[in-house]
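Chemist: Here's a structure for you.
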Amino acid sequence: MMLPGSPHIAYRGRQLFVEDCALDDLAARFGTPLYVYSRAAMLAALAGYQRALEGREALICYALKANSNLAVLQTFARAGCGFDIVSGGELERVIAAGADPAKVVFSGVGKTRAEMRQALAAGVMCFNVESVAELEVLSAVAAAEGATARVSLRVNPDVDARTHPYISTGLKGNKFGIAHDEALAAYRHAASLPGLAVTGIDFHIGSQITAVEPYRDALDRMLDLVESIEAQGIELHHLDLGGGLGICYTDEQPPSAEALVRDLLARIDERGHGQRRIVLEPGRSLVGNAGALVSEVLYLKPSAARNFCIVDAAMNDLVRPAMYEAWMAIVATTLRDSPARNWDVVGPVCESGDWLGRDRQLAVEPGDFVAVLSAGAYAMSMASNYNTRGRAAEVMVSGSEARLIRERERASDLFRGEHLL
């Protein structure tokens, strides 16, 4: 059976494996719900970017909001990556993983003064600034600290990424970035402010993008702007092309990372900007297809209207279907000879929106396990404790070795910081 996503997650006979580990064995060993990640799949995805950038001055900054587990960050840090962060907490994670803050770009529309001071003290590479108001606050904070904040401005190019409206970030109506027609004035203002050093320019137009054309359109608009900015005597050392490359959840056919980056680099060279440092911020495309969420079938509940397969994972473990109506493949971890039936796969949370997949053909019985595929990104990182449910355990697989990289939460973990009257 062909599965969407990584070849490192595949059937061998009747059993579904992640690398050389059967998911049934991992579920029995670590319990469910359980997130399982393939280290080889992550590094293979990264290698596409690295091949395209070979010989260039470049930095791949993994966008850790996609999956912020410390072992995941450690894997990418050891492979030479920097990190794209959007909070002070994410900066603490980068440091806890043993990574270098000097390879960090700090993005996000709502950085607090405390986060700015924290990032300045850590020595981050660059702040991706998203408004003139933020520029002025960062200038004041840096000057008060006797520090210099290196900044690039995130420019909103007003380009349609052709993706879900909740994850499109490059249109006029989005909250992100500085409008393209206001960017030149913002750069002049940034260059005049104390405590700031202008170093680059940044764009990021959305997530789960499956076509090259939106990237090309945004890049051309940015390069036009670069030329106008430098005509004002403001030098830009790096071009940050953002991230957002999509993955295969079902039948999508996004370009490979290598093909996309080579295409953009060719355009940069053609426009005469090949000398600049290139920064990329991939997230989902590095980890999305590397993960699976394993869950036990608790009950089968057929009815005249719908057939429900009730599993022990829920919307608190994986919110993408409920939030975005995202389609994610769901398969049995052991194939049965019995005929498949049509099921809505739902969880135990007390919400009608608690579903993982509708109208899925599955041959399962209570006690079997199912796997939600392509669950390495925006899955565990968006998990919650709704209904006082502990978050799932996480396991990293490398060949035949499986290591627990996050312990399952217990109820006592959830109310440890609470106090009775």
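Chemist: For the chain: lysine pairs with Cα atoms under 29 Å, gap of 8 or more or different chains, count?
Modeler: Qualifying lysine pairs in the chain: 8.
Chemist: Could you compute Rg(Cα) / (2.2 N^0.38 Å) for region 52-159, with N its residue count?
Modeler: Values: Rg = 14.0 Å, N = 108, 2.2 N^0.38 = 13.0 Å.
So the Cα radius of gyration is 1.08 times the expected 2.2 N^0.38 Å.
Chemist: When 1/r is averaged over all different Cα pairs and the result inverted, which Kirkwood radius in Å belongs to region 107-282?
Modeler: Values: mean 1/r = 0.0602 Å⁻¹.
After inverting the pairwise mean of 1/r, the radius is 16.6 Å.
Chemist: In percent, what relative contact order does the chain have, based on Cα pairs under 8 Å that are 6 or more apart in sequence? The partial results should precede the final answer.
Modeler: On the way: 961 pairs, mean separation 86.1, N = 421.
Relative CO of the chain lands at 20 percent.
Chemist: Can you give me the P(r) profile for the chain? Cα pairs, bins 10 angstrom wide beginning at 0, each as a whole percent.
Modeler: Going out from 0 Å in 10 Å bins, the chain shows 5, 21, 29, 24, 14, 6, 1, 0 percent.
Chemist: Nearest 500 deg cm²/dmol is fine: what mean residue ellipticity at 222 nm does the chain get from its DSSP H runs of n ≥ 4 alone, each adding -39,500 (n - 2.57), divided by its residue count? Intermediate results must be reported in sequence, preceding the final value.
Modeler: Working: 12 runs with 120 residues, N = 421.
Taken over the chain, the calculation gives -8500 deg cm²/dmol.
Chemist: Please order F30, F127, F415 by the number of other Cβ within 10 Å, starting at the fewest.
Modeler: On the way: F30 19, F127 29, F415 11.
With the fewest neighbours first, F30, F127, F415 line up as F415, F30, F127.
Chemist: So which residue, out of H180, H189, H238, gets the largest mean-square fluctuation from a GNM of the chain using Cα contacts under 10 Å as springs?
Modeler: So, out of H180, H189, H238, the one fluctuating most is H189.
Read-outs throughout are calculated quantities, based only on the coordinates presented, and are distinct from any laboratory measurement. These figures come from a predicted structure and were not determined experimentally. Backbone-built Cβ (ideal geometry, glycine too); neighbour counts: all protein chains shown.
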